[in-house]
Amino acid sequence: MATTYKVLGQAVAIAGTEVDLYTVPASTQTVVSSITVANRDSVSTTFRIAVRPNSEVLANRHYVAYEITLDRNSTQVFTLGITLDAGDVITVRAAAATVSFNAFGTEITA
């Protein structure tokens, strides 16, 4: 088994729209160690983070963070340890297009 520590995904929010931050590749398992959310604007905003097993259609049960307020010019870090299987997706959303999302972790391939 090969283990790769890496930046799993980076995305900039499209205001009010879900964006896929990371999708686990085929034949891979992933441990997400952290997700950072940075507000690059001088106005506060809100954001969401969801984990969708097997690329399921987004539903309320998938949210790990929902409408969290992010102060102006600030960053929030989530230290998670989320385990994902092939086809699982991390989806993010922010109220403003000035929010950057980054996911870091480990991919394990057979």
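All of the numbers you see were taken from the coordinates with simple rules; none came from a lab. Everything numeric in this text was worked out from a predicted model, so none of it was measured. In this analysis, Cβ positions are derived from the backbone assuming ideal geometry, glycine residues included, and neighbour counts consider all displayed protein chains.
At-a-glance table
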{"read-out": "Intensity falloff of the stretch 2-109 expressed as log10 I(q)/I(0), Debye formula with alpha-carbon point scatterers, at q = 0.13, 0.17, 0.24 Å⁻¹", "value": "-0.44, -0.73, -1.31"}
{"read-out": "Length released on extending from residue 36 to residue 12, taking residue separation times 0.36 nm less the Cα-Cα span", "value": "7.5 nm"}
{"read-out": "Per-pair calculated FRET efficiency, R0 = 22 Å: residue 69 and residue 20 via Cβ, rounded to 0.05", "value": "0.40"}
{"read-out": "Model label zone, residue 5; criterion: amide N under 17 Å from point 7 Å along Cα-to-beta-carbon; scope the stretch 92-110", "value": "103-109"}
{"read-out": "Proximal charge balance of residue 65 [Cβ under 12 Å; K/R count +1, D/E count -1]", "value": "+1"}
{"read-out": "Full-stretch length increase - residue 60, residue 43 - with 0.36 nm per residue and alpha-carbon distance subtracted", "value": "3.4 nm"}
{"read-out": "Segment residue 97-residue 85, extension gain: residue separation times 0.36 nm, minus the distance between their alpha carbons", "value": "1.4 nm"}
{"read-out": "Test item: Cα-centred dipole of the stretch 39-103, Lys/Arg +1 and Asp/Glu -1 on Cβ, debye", "value": "120 debye"}
{"read-out": "Percent RCO, i.e. relative contact order, over the chain, from Cα pairs under 8 Å lying at least 6 residues apart", "value": "51 percent"}
{"read-out": "Residue-count net charge about residue 87 - beta-carbon cut-off 10 Å; Lys, Arg +1, Asp, Glu -1", "value": "-2"}
{"read-out": "Charge context of residue 19, other residues only, Cβ under 13 angstrom, K/R +1, D/E -1", "value": "+1"}
{"read-out": "Packing rank of 17-29, 49-61, where each peptide gets the mean count of other beta carbons within 10 Å, highest leading", "value": "17-29, 49-61"}
